[in-house]
Amino acid sequence: MPIYLDNSATTRPSDAVISAMTKCMQEGYFNPSALYAPALQTEKMMRECRALLISSLHAPPNARVIFTAGGTEADNLAILGHLSTLHGGGRILYGAGEHAAVREACLNARGFEAVAMPYDREGRIDLSALREMMTPDTRLICCMQVNNETGAIQPLKEIDALRRELAPSALFHVDGVQGYLRIPFDMAALHVDSYALSGHKIHGPKGIGALITLPQVKLHPRMVGGGQESNFRSGTENTPGIAGLMAAVRNYPARHQMQENKMLLWQRIQELIPGASVNGPAPDGENAAPHILNVSLPPVRSETMLHALEGEQIYIGMGSACASHKQKVSAVLQAMHTPQKQAEAALRFSLCPDNTPEEMEATAWAIQRQYAVLSRFQRR
């Protein structure tokens, strides 16, 4: 049986999600902007999904939920949509290891100075450096909840404290694509102004995401047309996707064994390959997400091991899936000042609630078999 350990790239839609989407396409296919009763039922389903997302994030009851085509659009709307309402320039701060959806949006914001917040060796924002770079003219701070490559949980509470002390007028945007539902999040307690999420990372469908913002956040739409989503995102809503997103959130397990399985995998790798090392926070530490493990196995290069495991029907990643065809060494690991040879050998294992201990054991032994052969050959 195949073993799938690339859940940070995407997840398999759950049976509940497929059922909800099928029912919506067969019975609830009406345009939610229409005025007759069946369409109003579809619109009611959308309201229920908005309320569910607000509740799951502990956001204020009057928070705004804008459905998007995914996490990338949600991040772009939060960043570029807000900055386009501002005048006079200023500074944007973004994490050095942000997903391209955030990084490129910040770098493409005209009239603003975009500055990367450096990472420490664990792949978390360096707070002492941040204190020096946060200025009164900082207009926006962007930080992911969980790093998609290393699983490092970012210090959002500390960033918010610095923001309130040094740049109180700056908005705080969090990319929650890799953290949503997998670790607790309290939007109100952290004073987060906007939060982006994606359905296909939590066993929902591709093509649906959401931006949750406080009502006072000003946004200019990035897509114009019929004025759907309260004029923030035009286009007929993806109602099957919204139904699938709601089913994914409702059915995501509150209890799971991802942390235990991740630790089992790491322990077995350590036992079988003593030269293995972790990239990011200690896997059993409080700064590590339960579902991501980034490991280097030098001298075997990442892509070589990835395809070797593929031959055994074990599927893993080697960084951000969105950038895997474009670069050989992860920009995240570069931001952490990871040594070149270690970065070239980095592998990402990302788990879901459906993974089992037996799969962890099988994966570790497959790695050991492949490593025994591949480590004999080194590129000169």
Amide H within-cut-off set for THR138, under 5 Å, with H built and near neighbours excluded: ARG91
Phi-based couplings in Hz for segment 23-29 (Karplus 6.51, -1.76, 1.60; Gly and Pro marked x): 4, 5, 5, 7, 10, x, 7
Between segment 65-118 and segment 20-45, the Cα center-to-center distance that results, in Å: 33 Å
Stokes-Einstein D in µm²/s, Kirkwood radius over Cα pairs - segment 235-375 at 4 °C with 1.567 mPa s viscosity: 79 µm²/s
C-alpha long axis of helix 357-374 to longest principal axis of the chain, angle in °: 50 degrees
Pairs of alpha carbons in segment 20-82 whose separation is greater than 19 Å (percent): 47 percent
Label zone at THR135 (point 7 Å along Cα-to-Cβ), backbone N below 15 Å, segment 111-127: 111-117
Rounded to the nearest 20 debye, dipole of segment 96-178 from Cβ charges on Lys, Arg, Asp, Glu: 160 debye
Surface per residue (accessible, 1.4 Å probe) for the chain, Å²: 44 Å²
Distant-in-sequence amide H partners of GLY95 (H built 1.01 Å from N, under 5 Å): MET117, CYS142, MET144
Amide H contacts under 5 Å for ILE3, placed H, 5+ residues apart: ILE314, TYR315
Mean-position separation - Cα centroids, segment 257-297 and segment 345-380, in angstrom: 12 Å
Note, ³J(HN,Hα) from phi for segment 54-68, Karplus 6.51, -1.76, 1.60, rounded to Hz, x at Gly and Pro: 4, 5, 5, 9, 6, 7, x, x, 8, 4, 9, 10, 10, 6, 10
Heavy-atom accessible surface of segment 1-104: percent carbon and sulfur, 1.4 Å: 59 percent
Ellipticity estimate at 222 nm from DSSP helix runs (n ≥ 4, -39,500 (n - 2.57)) divided over the chain, nearest 500: -11000 deg cm²/dmol
Estimated vicinal HN-Hα couplings, Hz - segment 137-152 in sequence order (Karplus 6.51, -1.76, 1.60; Gly, Pro = x): 8, 5, 9, 8, 10, 10, 8, 6, 6, 9, 5, 6, 9, 9, x, 5
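The values are calculated or read from the model by the stated rules, or taken from the named source; none is laboratory data. Keep in mind that this is a model prediction, so the values were computed, not measured. Note: ideal-geometry Cβ built from the backbone for every residue, glycine included; neighbour counts use all protein chains shown. Surface areas here come from the heavy atoms of the whole protein model, side chains and all, with no ligands, DNA or RNA. Shrake-Rupley method; radii C 1.70, N 1.55, O 1.52, S 1.80 Å.
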